[in-house]
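These notes are about the structure you will find just below.
Please treat every number below as a calculation from the coordinates, not as lab data. Computed from a predicted model, the values in this text were never measured in an experiment. For neighbour counting, all protein chains shown are included, and Cβ atoms are generated from backbone atoms with ideal geometry for every residue, glycine included.
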Amino acid sequence: MAMVENSGRPQTSPVPVVGEASTDWTQRIHPAAALVVVILLIMPLLANEFILFQIFSWSFILGMIGLSLMFLAGYGGMVSLAQMTIAGFAGYMVSIFGVSGVASVSLGWPWWLAMPMALALGTLFGTIAGAIAVRTEGIYTLMITLAIASAFYYFTNQNYAIFNGHTGINSVATPHFWGVDWRAPIAFYYLTLGLAAASYAAANYLSRAPFGLALQGVRDNPRRMAALGFNVNAHRVGAYVFASLVAAIGGVLLVWSNGQISPGTVSVDAAIDILIIAVVGGVSRPIGPFIGALIYTVLHTFAFSFLIAIGLDGNRFRLLIGLGFLVIVFFSPDGIIGLWERWRNRGAGANSAARGGGGHG
């Protein structure tokens, strides 16, 4: 982090890295990344509706919720198990304020009013949870967020007046505007792709902005950052505000995708799944959770049939997910991103050695 001290006050360096990155961003786009973008944009021409809706749209949604965890853990050093709970809270809110098949709990607002209200309340809920969690560190933060996730699950499961108990809320209405049904596979694919791309870009930008650099400084040495005049808890809570907003957007999309929400959506198993997604992909880069979400979704979708084909119980698909998680973490603590960087660095080292050997020859 490019910071210098002057009369006890922190100042940014005269040549900020963020400014340099923003002026020549077109020159920094890797050809492989550009190819991926093109493929994603034309994916409806390459894949059927099942792949678009069940694989890619779900991967974008889970990737966004995983991104909220990655931002907290990777840049803030705070591992939260409440991100799926925040997403589920926003999902419940859009179901309660919007139109659904349970008229006794839904208020019947149009989607363009219900969605902003759900995002605002979901962000507020996550911020309050974060304000409680930032007062602890390490395993205690993990346990507090786990307690919040567990409490919310049991509350939704037992409360019928607001959340309709264990049955949940079904037949939730999805947006229809500009003459488009946005739950249709192709339209929903582009909707989730656009919001996932916006969330990724926002996280990437914030990581290089003064707030993100200060947050990483708080992660590495909170005492020194406090001595320099930074409000450590305020930066941590600010990270929860952004992460909660991203998780809330993912939660609303999750409900629109399923058309319903139930306590199972916010169960402890679901919260741990988001942790697995983030860790498998890698918590050092914003792209990591989306990679982890794609792997998880593919396994979740096809593992059942695979297990049945080899004569095993299809409900043991979590065994495959767990084994894959252990293998990846064993070889790379930073997930797929770590494996990729290790392979790239090894290739670069081999090329350098070959050029050096040729020069001596």
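Taking Rg and Dmax of the Cα atoms in Å as calculated from this structure, the corresponding entry among (1) 21.9, 82; (2) 20.5, 67; (3) 26.4, 88 is (1). Ordering 101-109, 237-245, 167-175 by mean Cβ neighbour count within 10 Å, with the highest value first, yields 237-245, 167-175, 101-109. Per residue, the average separation of C-alpha pairs within less than 8 Å and at least 6 apart gives the chain a relative contact order of 26 percent.
Taking label points 7 Å from Cα along the Cα-to-Cβ direction, residue 197 and residue 160 give a separation of 4.7 nm. The angle separating the long axis of helix 335-360 from the principal Cα axis of greatest extent in the chain is about 20 degrees. How about region 171-206: which chymotrypsin sites (Phe, Trp or Tyr not before Pro) there lie in a loop by DSSP and see at most 13 other Cβ atoms within 10 Å? Hits after loop and neighbour filter: 178.
Mind ranking 261-273, 147-159, 83-95, 64-76 by how tightly packed they are, going by the mean number of other C-beta atoms within 10 angstrom, highest first?
83-95, 64-76, 261-273, 147-159
Proximity of backbone amide H atoms, modeled 1.01 Å from N, is registered between residue 160 and 165 at under 5 Å, excluding neighbours fewer than 5 places apart on the same chain.
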